[in-house]
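Engineer: Sending over a structure as structure tokens; questions will come in a sec.
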Amino acid sequence: MNNPPIVPRKIGLRFLLGEWAIGMWYPRLAVIEQRDLGTVASPQVPEAYEVLLSAGAVGVLCQRIQPALFDVGIGRYGRWLRYVRNRDVHHFIEIQQSWDAYFSKFTGKSRQNLRRTVKRFTERQQGSNGVELMTSPADMPRFHREALRISEQTYQHKLLKSGLPTDDAFVAHLDKLAREGRARGYLLHDGDHPVAYAWCSVSGDVLKYEVVGYLPQSADLSPGTVLLYHITKDAHAIPNCKFLDFGPGEALYKSMFANCKVEYVDLYLFRMTASNMLLVGLHRSLSLVNEGLGRLFEAVGMKSRIKRLIRAIS
């Protein structure tokens, strides 16, 4: 195998206690991406990954591996410390010939509910759909400012530390993609005030739905659903766009809007060191605690109530 070392990237692993992020770990990993949506890969033999590591890398992240090949949890893979956090699913939309053809695949009840939700919001805006699309370098500072104002009020930002990035590097990233014609920032306005945002980017024939959020006090307007409805329309209008990628993880909106999905695991391979073993063990232990608490609260009928309480006080 003659592949050169892969430049390592910092991959964030959150230490969660319930819905609270109590810490972060940023191991530098050589990332082997599976770029084709809808496909999963087989791992290489353990020895093959050694040559992929450059200076500073503590391991390898192999994305979208066949889920039947590895159990969730910690183990060994040759000389590597193997970690599979969970089985995951990747939802996406395969763009149809027209948006009407795509929308016709929804159930009758779903179509009716979506139309009613969008109509209610549009009537509130006196006929405007309320969507502002921002794509130019000149747009990016205002988009980031308005989106960040929304993001900072969401529970994802307060609890999970997973809202819109605030650092200068991300702002520079927005500017770079805008100059390359790959930026698509969406704001949804209720009157004069943005109440929801979505940051998307174009990569080849894929529109990536990356970071989203809405004002909690506007939840009764279903702003996230309204904005996504219009984004799916926009995706069908982008020349040469073949997919709208929702990324990994389960969510009600993903299963509702997506017309394709693939199940997989992400395979983490760490060097067998004391610090890596400690941090991986801690991350896995917290995951097991959270799973146990989740089952307990669900069994006594309190899971949804506790989630609402945590988000209300955050």
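Engineer: In the range 269-286, is there at least one residue being modelled with pLDDT of 90 or more and part of a strand (DSSP E or B)? Show your work before the answer.
Structural biologist: Of the residues in the range 269-286, the ones modelled with pLDDT of 90 or more are 269-286.
Within this subset, residues satisfying the condition of being part of a strand (DSSP E or B) are 269-270.
Within the range 269-286 (the criterion being modelled with pLDDT of 90 or more and part of a strand (DSSP E or B)), the answer is yes, since at least one residue qualifies.
Engineer: Still on this structure, I have one more. Would you check which residues across the range 287-310 are at pLDDT below 70 and within 26 Å of Y26 (Cβ to Cβ) and list them?
Structural biologist: I310
Engineer: Whether any residue in the range 140-149 is modelled with pLDDT of 90 or more and more than 21 Å from the chain's Cα centre (by Cα) is what I want to check. Give the derivation first.
Structural biologist: Keep residues of the range 140-149 that are modelled with pLDDT of 90 or more, which gives 140-149.
Of the ones still in play, those that are also more than 21 Å from the chain's Cα centre (by Cα) are 141-142.
Yes: one or more hits.
Engineer: Collect the residues in the range 197-210 that are in contact (Cβ under 8 Å) with a residue 24 or more places away in the chain, touching a Lys or Arg at 6+ places or on another chain (Cβ under 8 Å) and of a type in the set (G, A, S), keeping them in residue-number order.
Structural biologist: S201, the sole residue that qualifies.
Engineer: Going by the structure shown, is H230 outside the structural domain of S42 (by TED's automatic domain parsing) and outside any strand (DSSP E or B)? Don't jump to the end; show me each part of the working.
Structural biologist: Numbers: outside the structural domain of S42 (by TED's automatic domain parsing): yes; outside any strand (DSSP E or B): yes.
Taking the combined requirement at face value, the residue satisfies it.
Engineer: Going through R149, R124, R145, R120 one at a time, which residue ends up being of a type in the set (D, E, K, R), more than 30 Å from S287 (Cα to Cα) and free of Cβ contacts under 8 Å to residues at least 24 places away in the same chain?
Structural biologist: Going through R149, R124, R145, R120 in turn, just one is of a type in the set (D, E, K, R), more than 30 Å from S287 (Cα to Cα) and free of Cβ contacts under 8 Å to residues at least 24 places away in the same chain: R145.
Engineer: Residue under question is L293, and the condition is that it be assigned by TED's automatic domain parsing to the domain that holds L52 and surrounded by 12 or more Cβ atoms within 10 Å (Cβ to Cβ); does it hold?
Structural biologist: The answer is yes for L293.
Engineer: What are the pairs, 6+ residues apart or on separate chains, where a residue within the range 172-196 that is at pLDDT 95 or above and outside any loop (DSSP other than H, G, I, E, B) has its Cβ under 6 Å from a residue that is of a type in the set (S, T, Y) and surrounded by fewer than 22 Cβ atoms within 10 Å (Cβ to Cβ)?
Structural biologist: The qualifying pairs are L177/S201; A178/S136; A183/T135; R184/T135; V195/S218.
Engineer: Here is a further query. Could you check the range 261-294 and list, in sequence order, the residues that are touching a His at 6+ places or on another chain (Cβ under 6 Å) and either over 30 Å from I93 (Cα atoms) or β-branched (V, I, T) (or both)?
Structural biologist: Residue satisfying the conditions is V262 alone.
Engineer: Is at least one residue of the range 228-238 over 21 Å from R28 (Cα atoms), over 16 Å from the mean Cα position of the chain (by Cα) and charged (D, E, K, R)?
Structural biologist: Checked the range 228-238: at least one residue is over 21 Å from R28 (Cα atoms), over 16 Å from the mean Cα position of the chain (by Cα) and charged (D, E, K, R).
Engineer: I need the full set of residues from the range 123-134 which are within 23 Å of the chain's Cα centre (by Cα) and surrounded by fewer than 18 Cβ atoms within 10 Å (Cβ to Cβ), in order please.
Structural biologist: E132, L133
Engineer: Which residues, counting only those in the range 269-294, are more than 19 Å from A21 (Cβ to Cβ) and of a type in the set (S, T, Y)?
Structural biologist: Across the range 269-294, the qualifying residues are T273, S275.
Engineer: Within the range 270-294, can you find the residues that are touching a residue at least 24 places away in the same chain (Cβ under 8 Å), out of contact with any helix residue (DSSP H, G or I) (no Cβ under 6 Å at 6 or more places or on another chain) and of a type in the set (A, V, I, L, M, F, W, C)?
Structural biologist: Step one: list which residues in the range 270-294 are touching a residue at least 24 places away in the same chain (Cβ under 8 Å), which gives 270-273, 276-277, 279-284, 286-287, 289-290, 293.
Narrowing the set further to residues that are out of contact with any helix residue (DSSP H, G or I) (no Cβ under 6 Å at 6 or more places or on another chain) leaves 271-273, 276-277, 279-284, 286-287, 289-290, 293.
Of everything in the range 270-294, those that are touching a residue at least 24 places away in the same chain (Cβ under 8 Å), out of contact with any helix residue (DSSP H, G or I) (no Cβ under 6 Å at 6 or more places or on another chain) and of a type in the set (A, V, I, L, M, F, W, C) turn out to be M272, M277, L279, V280, L282, L286, V289, L293.
Engineer: Kindly provide the set of residues from the range 105-122 that are among the polar types (S, T, N, Q) and surrounded by 11 or more Cβ atoms within 10 Å (Cβ to Cβ), ordered by number.
Structural biologist: Selection gives S110, Q112, N113, T117, T122.
The values are calculated or read from the model by the stated rules, or taken from the named source; none is laboratory data. Just so it is clear, the model here is predicted, and its values are computed rather than measured. Positions of Cβ are generated from backbone atoms using ideal geometry, with glycine treated the same way; all protein chains shown enter the neighbour counts.
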